[in-house]
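Student: Sending over a structure as C-alpha coordinates; questions will come in a sec.
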Amino acid sequence: MQYLHSVLGPTVNRVFDEKKYIELDPSKVEIKEVGCSGLHRIQTESEVIQQSTQHLQSYLTELLITIAKSVRTCPATIRATFRQLFKRVEEHFPENKHKNVKFIAVTSFLCLRFFSPAVMSPKLFHLREKHADARTSRTLLLLAKAIQTVGNMDAAASRAKEGWMAPLQPTIQQSISQMKEFIAQLIDIEEKEEVDQPKAQTLVVKEGPLFIHKSKGKGPLLSSSFKKLYFSLTSEALSFAKSPNSKKSSFITLSNIRAAEKVEEKSFGSSHVMQIIYADEAGQLEMAYLQCKCVNELNQWLSALRKVCVNNAEMLGSYHPGVFKGDKWSCCHQKDKTGLGCDKTRHGVTLQEWNDPLDPDLESQLIFRHLFGVRDSMREKYLEMLTEKNENVLLRQSGDPENVDGPTRLFQVLQDLEDAHHTAVFSSGTLADRDRNCLLELQT
(Lines give C-alpha, C1' and ligand atoms only; values in the text may rest on other atoms or scores of the structure.)
Protein backbone atom coordinates (compact mmCIF):
# COMPACT_ATOMS: atom_id res chain seq x y z
CA MET A 1 0.00 0.00 0.00
CA GLN A 2 2.87 2.40 0.73
CA TYR A 3 4.24 1.76 -2.75
CA LEU A 4 0.84 2.57 -4.26
CA HIS A 5 0.62 5.79 -2.23
CA SER A 6 4.11 6.94 -3.25
CA VAL A 7 3.40 6.33 -6.94
CA LEU A 8 -0.17 7.59 -7.30
CA GLY A 9 -0.39 10.04 -4.41
CA PRO A 10 1.20 13.13 -6.06
CA THR A 11 -0.84 12.92 -9.27
CA VAL A 12 -4.13 12.08 -7.54
CA ASN A 13 -3.65 14.94 -5.07
CA ARG A 14 -2.91 17.30 -7.95
CA VAL A 15 -6.16 16.31 -9.69
CA PHE A 16 -8.13 16.95 -6.50
CA ASP A 17 -6.42 20.29 -5.86
CA GLU A 18 -6.74 21.69 -9.39
CA LYS A 19 -10.36 20.61 -9.98
CA LYS A 20 -10.08 21.29 -13.71
CA TYR A 21 -12.98 20.58 -16.05
CA ILE A 22 -11.82 17.78 -18.35
CA GLU A 23 -13.91 16.02 -21.00
CA LEU A 24 -12.99 14.28 -24.27
CA ASP A 25 -16.37 12.77 -25.18
CA PRO A 26 -18.21 15.28 -27.45
CA SER A 27 -21.59 14.00 -26.26
CA LYS A 28 -20.72 15.02 -22.69
CA VAL A 29 -18.91 18.31 -23.27
CA GLU A 30 -20.42 21.25 -21.38
CA ILE A 31 -20.09 24.56 -23.24
CA LYS A 32 -19.38 27.49 -20.93
CA GLU A 33 -18.41 31.14 -21.03
CA VAL A 34 -14.76 32.12 -20.69
CA GLY A 35 -12.88 35.40 -20.46
CA CYS A 36 -12.72 38.32 -18.08
CA SER A 37 -15.54 40.69 -17.17
CA GLY A 38 -17.10 42.35 -20.19
CA LEU A 39 -15.26 40.13 -22.66
CA HIS A 40 -17.11 36.86 -22.18
CA ARG A 41 -17.42 34.45 -25.07
CA ILE A 42 -18.70 30.91 -25.49
CA GLN A 43 -15.96 28.29 -25.46
CA THR A 44 -16.34 25.93 -28.42
CA GLU A 45 -16.49 22.16 -28.16
CA SER A 46 -13.16 21.74 -29.92
CA GLU A 47 -11.52 24.20 -27.52
CA VAL A 48 -12.82 22.27 -24.50
CA ILE A 49 -11.52 18.97 -25.92
CA GLN A 50 -8.16 20.49 -26.84
CA GLN A 51 -7.74 21.98 -23.36
CA SER A 52 -8.85 18.72 -21.73
CA THR A 53 -6.34 16.77 -23.81
CA GLN A 54 -3.52 19.00 -22.62
CA HIS A 55 -4.50 18.54 -18.97
CA LEU A 56 -4.81 14.76 -19.30
CA GLN A 57 -1.49 14.56 -21.13
CA SER A 58 0.10 16.44 -18.25
CA TYR A 59 -1.40 14.11 -15.63
CA LEU A 60 -0.55 10.94 -17.56
CA THR A 61 3.01 12.07 -18.29
CA GLU A 62 3.61 12.96 -14.64
CA LEU A 63 2.24 9.60 -13.51
CA LEU A 64 4.32 7.59 -16.00
CA ILE A 65 7.48 9.42 -14.95
CA THR A 66 6.75 8.58 -11.29
CA ILE A 67 6.08 4.94 -12.19
CA ALA A 68 9.31 4.74 -14.17
CA LYS A 69 11.27 5.99 -11.15
CA SER A 70 9.62 3.54 -8.75
CA VAL A 71 11.51 0.39 -9.70
CA ARG A 72 13.67 0.32 -6.55
CA THR A 73 10.78 1.14 -4.22
CA CYS A 74 8.53 -1.62 -5.58
CA PRO A 75 8.41 -4.52 -3.07
CA ALA A 76 10.79 -7.31 -4.06
CA THR A 77 8.02 -9.90 -3.68
CA ILE A 78 5.96 -8.17 -6.37
CA ARG A 79 9.00 -7.82 -8.63
CA ALA A 80 9.89 -11.50 -8.22
CA THR A 81 6.31 -12.53 -8.96
CA PHE A 82 6.21 -10.44 -12.14
CA ARG A 83 9.60 -11.84 -13.16
CA GLN A 84 8.29 -15.40 -12.96
CA LEU A 85 5.09 -14.45 -14.81
CA PHE A 86 7.05 -12.68 -17.55
CA LYS A 87 9.37 -15.68 -18.03
CA ARG A 88 6.55 -18.26 -18.16
CA VAL A 89 4.54 -16.29 -20.71
CA GLU A 90 7.64 -15.66 -22.81
CA GLU A 91 8.33 -19.42 -22.86
CA HIS A 92 4.75 -20.17 -23.88
CA PHE A 93 4.56 -17.46 -26.60
CA PRO A 94 8.06 -17.27 -28.16
CA GLU A 95 6.85 -16.06 -31.58
CA ASN A 96 7.64 -12.51 -32.63
CA LYS A 97 3.98 -11.82 -33.38
CA HIS A 98 3.27 -12.31 -29.67
CA LYS A 99 6.09 -10.07 -28.48
CA ASN A 100 3.72 -7.87 -26.45
CA VAL A 101 1.95 -10.72 -24.66
CA LYS A 102 4.60 -11.11 -21.94
CA PHE A 103 4.37 -7.38 -21.16
CA ILE A 104 0.56 -7.46 -21.18
CA ALA A 105 0.63 -10.36 -18.71
CA VAL A 106 2.34 -8.05 -16.22
CA THR A 107 0.34 -4.90 -16.99
CA SER A 108 -2.90 -6.87 -16.67
CA PHE A 109 -2.17 -6.98 -12.95
CA LEU A 110 -0.11 -3.84 -12.50
CA CYS A 111 -2.25 -1.37 -14.49
CA LEU A 112 -5.69 -2.92 -14.83
CA ARG A 113 -6.00 -4.33 -11.30
CA PHE A 114 -3.67 -2.13 -9.27
CA PHE A 115 -3.11 1.39 -10.59
CA SER A 116 -6.40 2.00 -12.43
CA PRO A 117 -8.80 0.95 -9.63
CA ALA A 118 -6.88 3.10 -7.13
CA VAL A 119 -7.03 6.12 -9.49
CA MET A 120 -10.79 5.71 -9.99
CA SER A 121 -11.56 5.19 -6.29
CA PRO A 122 -8.78 6.84 -4.26
CA LYS A 123 -10.77 6.79 -1.01
CA LEU A 124 -11.04 2.99 -1.07
CA PHE A 125 -7.25 2.78 -1.24
CA HIS A 126 -6.76 5.43 1.48
CA LEU A 127 -5.28 7.90 -1.00
CA ARG A 128 -7.90 10.48 0.01
CA GLU A 129 -10.15 10.85 3.04
CA LYS A 130 -13.27 11.76 1.04
CA HIS A 131 -14.82 10.68 -2.25
CA ALA A 132 -14.27 12.89 -5.29
CA ASP A 133 -16.93 15.31 -6.53
CA ALA A 134 -18.51 14.74 -9.96
CA ARG A 135 -15.95 16.83 -11.88
CA THR A 136 -12.89 15.32 -10.20
CA SER A 137 -14.37 11.83 -10.47
CA ARG A 138 -14.74 12.24 -14.25
CA THR A 139 -11.13 13.38 -14.56
CA LEU A 140 -9.94 10.38 -12.55
CA LEU A 141 -12.03 8.06 -14.72
CA LEU A 142 -10.50 9.43 -17.92
CA LEU A 143 -7.02 9.15 -16.42
CA ALA A 144 -7.74 5.55 -15.40
CA LYS A 145 -8.94 4.78 -18.94
CA ALA A 146 -5.67 6.16 -20.29
CA ILE A 147 -3.68 3.96 -17.87
CA GLN A 148 -5.71 0.92 -18.93
CA THR A 149 -5.04 1.70 -22.59
CA VAL A 150 -1.32 1.91 -21.86
CA GLY A 151 -1.55 -1.41 -20.02
CA ASN A 152 -3.38 -3.04 -22.97
CA MET A 153 -0.54 -1.88 -25.25
CA ASP A 154 -2.94 -1.60 -28.19
CA ALA A 155 -3.74 2.02 -28.97
CA ALA A 156 -5.51 1.04 -32.22
CA ALA A 157 -8.03 -1.20 -30.42
CA SER A 158 -8.74 1.54 -27.90
CA ARG A 159 -9.26 4.08 -30.68
CA ALA A 160 -11.76 1.76 -32.38
CA LYS A 161 -13.70 1.22 -29.16
CA GLU A 162 -13.77 4.84 -27.95
CA GLY A 163 -12.93 7.09 -30.86
CA TRP A 164 -13.15 10.23 -28.75
CA MET A 165 -9.95 9.15 -26.95
CA ALA A 166 -8.04 9.76 -30.22
CA PRO A 167 -6.59 13.17 -29.16
CA LEU A 168 -4.71 11.34 -26.38
CA GLN A 169 -3.26 8.65 -28.66
CA PRO A 170 0.19 10.21 -29.28
CA THR A 171 0.82 10.45 -25.55
CA ILE A 172 -0.53 6.93 -24.99
CA GLN A 173 1.71 5.53 -27.73
CA GLN A 174 4.74 7.14 -26.13
CA SER A 175 3.63 5.90 -22.69
CA ILE A 176 3.44 2.31 -23.98
CA SER A 177 7.16 2.45 -24.80
CA GLN A 178 7.89 3.88 -21.35
CA MET A 179 5.81 1.13 -19.71
CA LYS A 180 7.72 -1.60 -21.55
CA GLU A 181 11.02 -0.13 -20.43
CA PHE A 182 9.73 0.09 -16.85
CA ILE A 183 8.62 -3.57 -16.84
CA ALA A 184 12.00 -4.68 -18.24
CA GLN A 185 13.70 -2.93 -15.30
CA LEU A 186 11.08 -4.14 -12.81
CA ILE A 187 11.68 -7.83 -13.54
CA ASP A 188 15.45 -7.40 -13.57
CA ILE A 189 15.90 -8.75 -10.07
CA GLU A 190 18.62 -11.09 -8.88
CA GLU A 191 17.60 -14.62 -7.91
CA LYS A 192 19.28 -14.25 -4.51
CA GLU A 193 17.31 -11.06 -3.91
CA GLU A 194 14.20 -12.87 -5.10
CA VAL A 195 14.67 -15.64 -2.54
CA ASP A 196 15.97 -13.65 0.41
CA GLN A 197 13.83 -10.54 0.28
CA PRO A 198 10.47 -12.06 1.24
CA LYS A 199 12.03 -13.32 4.46
CA ALA A 200 13.14 -9.82 5.38
CA GLN A 201 9.75 -8.28 4.64
CA THR A 202 6.91 -8.32 7.12
CA LEU A 203 3.48 -9.30 5.83
CA VAL A 204 0.90 -6.53 6.20
CA VAL A 205 -2.41 -8.13 7.23
CA LYS A 206 -4.55 -4.99 7.38
CA GLU A 207 -4.01 -1.24 7.41
CA GLY A 208 -6.01 1.95 7.38
CA PRO A 209 -7.05 5.00 9.43
CA LEU A 210 -8.56 4.53 12.89
CA PHE A 211 -9.25 6.80 15.85
CA ILE A 212 -7.37 6.08 19.08
CA HIS A 213 -8.64 7.27 22.46
CA LYS A 214 -6.35 9.72 24.21
CA SER A 215 -6.83 9.37 27.99
CA LYS A 216 -7.23 12.62 29.92
CA GLY A 217 -7.28 11.61 33.56
CA LYS A 218 -10.52 10.76 35.39
CA GLY A 219 -12.81 13.00 33.37
CA PRO A 220 -15.68 11.78 31.15
CA LEU A 221 -14.78 9.55 28.21
CA LEU A 222 -16.08 11.30 25.11
CA SER A 223 -15.89 10.44 21.42
CA SER A 224 -14.21 13.82 20.87
CA SER A 225 -11.14 12.59 22.75
CA PHE A 226 -10.20 10.29 19.86
CA LYS A 227 -7.29 11.16 17.59
CA LYS A 228 -7.02 9.94 14.01
CA LEU A 229 -3.92 7.87 13.18
CA TYR A 230 -2.91 5.42 10.47
CA PHE A 231 -2.69 1.82 11.74
CA SER A 232 -0.84 -1.12 10.22
CA LEU A 233 -1.33 -4.70 11.39
CA THR A 234 1.47 -7.06 10.39
CA SER A 235 2.34 -10.62 11.30
CA GLU A 236 4.50 -9.22 14.13
CA ALA A 237 2.88 -6.08 15.56
CA LEU A 238 0.14 -3.46 15.46
CA SER A 239 1.80 -0.12 14.75
CA PHE A 240 0.50 3.38 14.05
CA ALA A 241 1.70 6.74 12.75
CA LYS A 242 0.29 10.12 11.73
CA SER A 243 0.04 9.17 8.05
CA PRO A 244 0.70 6.14 5.76
CA ASN A 245 4.14 7.46 4.80
CA SER A 246 5.19 8.61 8.27
CA LYS A 247 7.60 6.67 10.42
CA LYS A 248 5.74 4.37 12.83
CA SER A 249 5.65 6.17 16.18
CA SER A 250 4.51 3.29 18.37
CA PHE A 251 3.50 -0.35 18.26
CA ILE A 252 2.02 -3.26 20.21
CA THR A 253 3.77 -6.60 19.74
CA LEU A 254 1.27 -9.29 18.76
CA SER A 255 2.62 -11.74 21.34
CA ASN A 256 1.62 -9.25 24.07
CA ILE A 257 -2.02 -8.98 22.97
CA ARG A 258 -4.43 -10.74 25.33
CA ALA A 259 -7.81 -9.89 23.74
CA ALA A 260 -9.50 -7.87 21.00
CA GLU A 261 -13.14 -7.16 21.80
CA LYS A 262 -16.00 -4.72 21.19
CA VAL A 263 -16.77 -1.91 23.64
CA GLU A 264 -20.39 -1.32 24.64
CA GLU A 265 -21.98 1.70 22.99
CA LYS A 266 -22.70 3.70 26.14
CA SER A 267 -19.00 3.93 27.00
CA PHE A 268 -18.11 6.37 24.21
CA GLY A 269 -21.46 7.05 22.58
CA SER A 270 -20.50 4.92 19.59
CA SER A 271 -21.12 1.28 18.65
CA HIS A 272 -17.98 1.12 16.49
CA VAL A 273 -15.32 1.09 19.24
CA MET A 274 -13.07 -1.88 20.03
CA GLN A 275 -10.50 -2.44 22.74
CA ILE A 276 -7.15 -4.17 22.52
CA ILE A 277 -5.99 -5.59 25.85
CA TYR A 278 -2.23 -6.10 25.94
CA ALA A 279 0.62 -6.57 28.42
CA ASP A 280 3.12 -3.73 28.78
CA GLU A 281 6.85 -4.16 29.45
CA ALA A 282 6.17 -4.71 33.16
CA GLY A 283 3.54 -7.36 32.44
CA GLN A 284 0.63 -5.12 33.48
CA LEU A 285 -2.53 -5.19 31.36
CA GLU A 286 -3.31 -2.03 29.41
CA MET A 287 -6.23 -1.10 27.14
CA ALA A 288 -6.13 0.71 23.80
CA TYR A 289 -9.52 1.95 22.56
CA LEU A 290 -9.88 2.28 18.79
CA GLN A 291 -12.89 3.71 16.96
CA CYS A 292 -13.84 2.56 13.45
CA LYS A 293 -16.01 4.41 10.95
CA CYS A 294 -18.66 1.66 10.62
CA VAL A 295 -19.64 -1.77 11.91
CA ASN A 296 -18.17 -3.55 8.87
CA GLU A 297 -14.77 -1.98 9.46
CA LEU A 298 -15.02 -2.85 13.16
CA ASN A 299 -15.71 -6.51 12.39
CA GLN A 300 -12.90 -6.64 9.84
CA TRP A 301 -10.33 -5.28 12.29
CA LEU A 302 -11.50 -7.55 15.12
CA SER A 303 -11.35 -10.56 12.82
CA ALA A 304 -7.87 -9.67 11.54
CA LEU A 305 -6.54 -9.13 15.07
CA ARG A 306 -7.99 -12.38 16.37
CA LYS A 307 -6.61 -14.38 13.45
CA VAL A 308 -3.04 -13.15 13.86
CA CYS A 309 -3.20 -13.73 17.63
CA VAL A 310 -4.72 -17.19 17.37
CA ASN A 311 -1.55 -18.87 18.70
CA ASN A 312 -0.98 -16.50 21.64
CA ALA A 313 -0.58 -18.58 24.79
CA GLU A 314 -1.95 -16.15 27.40
CA MET A 315 -5.22 -14.97 25.87
CA LEU A 316 -7.84 -13.87 28.41
CA GLY A 317 -11.02 -15.84 29.02
CA SER A 318 -13.04 -12.81 30.13
CA TYR A 319 -13.03 -9.03 29.76
CA HIS A 320 -15.00 -5.88 30.61
CA PRO A 321 -17.09 -4.57 27.69
CA GLY A 322 -17.26 -1.20 29.45
CA VAL A 323 -14.56 1.22 30.62
CA PHE A 324 -13.06 1.97 34.03
CA LYS A 325 -14.51 5.39 34.91
CA GLY A 326 -13.83 7.03 38.26
CA ASP A 327 -13.49 4.09 40.63
CA LYS A 328 -15.49 1.34 38.89
CA TRP A 329 -16.21 -0.42 35.63
CA SER A 330 -19.15 1.06 33.71
CA CYS A 331 -20.41 -2.38 32.69
CA CYS A 332 -20.61 -4.29 36.02
CA HIS A 333 -19.74 -1.56 38.59
CA GLN A 334 -16.87 -3.73 39.88
CA LYS A 335 -14.33 -1.57 41.72
CA ASP A 336 -11.29 -3.79 41.19
CA LYS A 337 -9.71 -2.56 37.96
CA THR A 338 -7.60 -5.69 37.61
CA GLY A 339 -10.37 -8.14 38.54
CA LEU A 340 -11.86 -10.78 36.24
CA GLY A 341 -14.02 -9.49 33.43
CA CYS A 342 -17.80 -9.73 33.47
CA ASP A 343 -18.17 -11.04 29.91
CA LYS A 344 -16.47 -13.86 28.01
CA THR A 345 -13.97 -13.12 25.26
CA ARG A 346 -14.64 -14.21 21.68
CA HIS A 347 -11.26 -15.17 20.25
CA GLY A 348 -12.80 -17.71 17.89
CA VAL A 349 -15.32 -15.31 16.31
CA THR A 350 -13.74 -14.23 13.02
CA LEU A 351 -15.00 -13.34 9.57
CA GLN A 352 -15.22 -16.08 7.01
CA GLU A 353 -14.83 -15.24 3.32
CA TRP A 354 -17.40 -12.55 2.41
CA ASN A 355 -19.42 -13.06 5.63
CA ASP A 356 -19.92 -11.04 8.80
CA PRO A 357 -20.19 -12.78 12.21
CA LEU A 358 -23.83 -11.80 12.69
CA ASP A 359 -26.49 -13.55 14.74
CA PRO A 360 -29.09 -14.57 12.09
CA ASP A 361 -31.96 -14.80 14.60
CA LEU A 362 -31.25 -11.41 16.11
CA GLU A 363 -30.75 -9.74 12.74
CA SER A 364 -34.01 -11.24 11.42
CA GLN A 365 -35.91 -9.92 14.43
CA LEU A 366 -34.38 -6.49 14.05
CA ILE A 367 -35.40 -6.35 10.38
CA PHE A 368 -38.91 -7.52 11.25
CA ARG A 369 -39.22 -4.96 14.04
CA HIS A 370 -38.24 -2.16 11.69
CA LEU A 371 -40.61 -3.25 8.91
CA PHE A 372 -43.40 -3.86 11.42
CA GLY A 373 -42.97 -0.34 12.78
CA VAL A 374 -43.35 1.32 9.36
CA ARG A 375 -45.90 -1.13 7.95
CA ASP A 376 -48.92 1.15 8.30
CA SER A 377 -47.20 4.13 6.70
CA MET A 378 -45.91 1.93 3.88
CA ARG A 379 -49.40 0.52 3.29
CA GLU A 380 -50.86 4.02 3.24
CA LYS A 381 -48.32 5.21 0.69
CA TYR A 382 -48.86 2.08 -1.38
CA LEU A 383 -52.64 2.53 -1.53
CA GLU A 384 -52.19 6.19 -2.35
CA MET A 385 -49.89 5.28 -5.24
CA LEU A 386 -52.38 2.75 -6.61
CA THR A 387 -55.22 5.27 -6.35
CA GLU A 388 -53.21 7.82 -8.33
CA LYS A 389 -52.65 5.23 -11.04
CA ASN A 390 -56.41 4.35 -11.03
CA GLU A 391 -55.57 0.71 -10.39
CA ASN A 392 -57.90 -1.81 -8.77
CA VAL A 393 -56.68 -2.03 -5.18
CA LEU A 394 -58.91 -4.98 -4.31
CA LEU A 395 -57.62 -6.93 -7.29
CA ARG A 396 -54.06 -6.33 -6.13
CA GLN A 397 -54.79 -7.47 -2.60
CA SER A 398 -57.02 -10.49 -3.25
CA GLY A 399 -56.14 -11.65 -6.75
CA ASP A 400 -54.15 -14.56 -8.06
CA PRO A 401 -51.13 -15.13 -5.73
CA GLU A 402 -48.86 -15.47 -8.74
CA ASN A 403 -49.85 -11.97 -9.91
CA VAL A 404 -49.52 -10.29 -6.52
CA ASP A 405 -46.94 -7.49 -6.58
CA GLY A 406 -43.96 -7.07 -4.23
CA PRO A 407 -45.45 -4.67 -1.63
CA THR A 408 -48.62 -6.76 -1.20
CA ARG A 409 -46.51 -9.88 -0.76
CA LEU A 410 -44.38 -8.06 1.85
CA PHE A 411 -47.46 -7.01 3.83
CA GLN A 412 -48.71 -10.59 3.81
CA VAL A 413 -45.35 -11.92 5.02
CA LEU A 414 -45.33 -9.39 7.89
CA GLN A 415 -48.87 -10.42 8.84
CA ASP A 416 -47.93 -14.11 8.79
CA LEU A 417 -44.88 -13.41 10.99
CA GLU A 418 -46.98 -11.39 13.43
CA ASP A 419 -49.58 -14.17 13.65
CA ALA A 420 -46.86 -16.77 14.21
CA HIS A 421 -45.30 -14.60 16.93
CA HIS A 422 -48.61 -14.21 18.81
CA THR A 423 -49.32 -17.93 18.48
CA ALA A 424 -45.90 -18.77 19.97
CA VAL A 425 -46.36 -16.32 22.85
CA PHE A 426 -49.86 -17.44 23.82
CA SER A 427 -48.97 -21.10 23.60
CA SER A 428 -46.28 -20.51 26.26
CA GLY A 429 -46.82 -22.20 29.61
CA THR A 430 -46.59 -19.10 31.89
CA LEU A 431 -48.53 -15.86 32.12
CA ALA A 432 -45.26 -13.94 32.44
CA ASP A 433 -44.17 -15.14 29.02
CA ARG A 434 -47.54 -14.16 27.57
CA ASP A 435 -47.35 -10.64 28.94
CA ARG A 436 -43.76 -10.12 27.84
CA ASN A 437 -43.13 -8.09 24.66
CA CYS A 438 -40.23 -10.02 23.20
CA LEU A 439 -39.55 -7.47 20.49
CA LEU A 440 -39.03 -4.65 22.97
CA GLU A 441 -36.44 -6.70 24.87
CA LEU A 442 -34.06 -7.01 21.96
CA GLN A 443 -30.63 -5.62 22.83
CA THR A 444 -29.12 -3.75 19.87
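The values are calculated or read from the model by the stated rules, or taken from the named source; none is laboratory data. Please read all numbers here as calculations on a predicted model, not as lab measurements. Neighbour counts run over all protein chains shown; Cβ positions are idealised from the backbone, glycine included.
Student: Within the stretch 161-174, identify whether any single residue is closer than 18 Å to THR66 by Cβ and buried (at least 17 other Cβ atoms within 10 Å of the Cβ), and answer yes or no.
Tutor: The answer is yes; a qualifying residue exists.
Student: Which condition number does ALA304 fail, the rest of (1) within 17 Å of PHE226 (Cβ to Cβ); (2) under 25 Å from the mean Cα position of the chain (by Cα) being met?
Tutor: Exception for ALA304: condition (1).
Student: Can I ask one more? Give the residue that is nearest to LYS206 (Cα to Cα), with candidates limited to residues of the stretch 300-330 that are part of a helix (DSSP H, G or I) and aliphatic (A, V, I, L, M).
Tutor: Restricting to residues being part of a helix (DSSP H, G or I) and aliphatic (A, V, I, L, M), the top hit is ALA304.
Student: Sticking with this structure for a sec: Checking GLU18 against (1) within 28 Å of the chain's Cα centre (by Cα); (2) touching a residue at least 40 places away in the same chain (Cβ under 8 Å), only one condition comes out false. Which one?
Tutor: Among (1) within 28 Å of the chain's Cα centre (by Cα); (2) touching a residue at least 40 places away in the same chain (Cβ under 8 Å), the lone unmet condition for GLU18 is (2).
Student: Is the stretch 43-57 home to any residue that is of a type outside the set (Ser, Thr, Tyr), outside any helix (DSSP H, G or I) and at pLDDT 85 or above?
Tutor: The answer is no; no qualifying residue exists.
Student: Okay, next question. In the set SER116, SER137, which member is out of contact with any Pro (no Cβ under 6 Å at 6 or more places or on another chain) and surrounded by 19 or more Cβ atoms within 10 Å (Cβ to Cβ)?
Tutor: SER116 is the lone residue from the list that is out of contact with any Pro (no Cβ under 6 Å at 6 or more places or on another chain) and surrounded by 19 or more Cβ atoms within 10 Å (Cβ to Cβ).
Student: When you go through (1) within 21 Å of PHE125 (Cα to Cα); (2) at pLDDT 70 or above; (3) over 20 Å from the mean Cα position of the chain (by Cα) one by one for VAL204, which number turns out not to apply?
Tutor: (3) is the only condition that VAL204 fails.
Student: Go through the stretch 71-126 and tell me which helices (runs of 4 or more DSSP H), entirely inside it, have 1 or more residues that are closer than 12 Å to ILE189 by Cα and either among the hydroxyl-bearing types (Ser, Thr, Tyr) or in contact (Cβ under 8 Å) with a residue 12 or more places away in the chain (or both).
Tutor: Fully inside the stretch 71-126 and qualifying: 76-92.
Student: Now for a different question. Kindly provide the set of residues from the stretch 212-221 that are out of contact with any Gly (no Cβ under 7 Å at 6 or more places or on another chain) and at pLDDT below 85, ordered by number.
Tutor: HIS213, LYS214, SER215, LYS216, GLY217, GLY219, PRO220, LEU221
This table checks each residue for (1) out of contact with any helix residue (DSSP H, G or I) (no Cβ under 8 Å at 6 or more places or on another chain); (2) aliphatic (A, V, I, L, M); (3) at pLDDT below 90; (4) within 30 Å of ALA420 (Cα to Cα).
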position	(1), (2), (3), (4)
ALA282	yes, yes, yes, no
LYS293	yes, no, yes, no
HIS320	yes, no, no, no
ASP327	yes, no, yes, no
LEU358	yes, yes, yes, yes
LEU362	yes, yes, yes, yes
ARG375	no, no, yes, yes
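Student: Go through the stretch 247-300 and count every residue that is touching a Gly at 6+ places or on another chain (Cβ under 8 Å) and more than 24 Å from GLN2 (Cβ to Cβ).
Tutor: Count: 4.
Student: Shifting gears a bit: Pull up the stretch 253-272, narrow it to residues that are surrounded by fewer than 19 Cβ atoms within 10 Å (Cβ to Cβ) and in contact with a Ser or Thr (Cβ under 6 Å, 6 or more places away or on another chain), then point me to the one that is farthest from SER225 (Cα to Cα).
Tutor: Looking at the filtered set, the residue picked out is GLU265.
Student: Just checking, how many residues over the stretch 86-99 are touching a Lys or Arg at 6+ places or on another chain (Cβ under 8 Å) and within 21 Å of THR149 (Cβ to Cβ)?
Tutor: Qualifying residue count, the stretch 86-99: 2.
Student: Taking only the stretch 258-275 into account, find how many residues are assigned to a strand (DSSP E or B) and either touching a helix residue (DSSP H, G or I) at 6+ places or on another chain (Cβ under 7 Å) or more than 17 Å from VAL308 (Cβ to Cβ) (or both).
Tutor: Number satisfying all stated conditions: 4.
Student: Here's a follow-up. Output the residues belonging to the stretch 388-417 that are at pLDDT 80 or above and in contact with a helix residue (DSSP H, G or I) (Cβ under 7 Å, 6 or more places away or on another chain).
Tutor: PRO407, THR408, PHE411, LEU414, LEU417
Student: Looking at the stretch 48-67, can you tell me whether even one residue there is more than 26 Å from ARG138 (Cα to Cα), in the same structural domain as SER177 (by TED's automatic domain parsing) and free of Cβ contacts under 8 Å to residues at least 40 places away in the same chain?
Tutor: no
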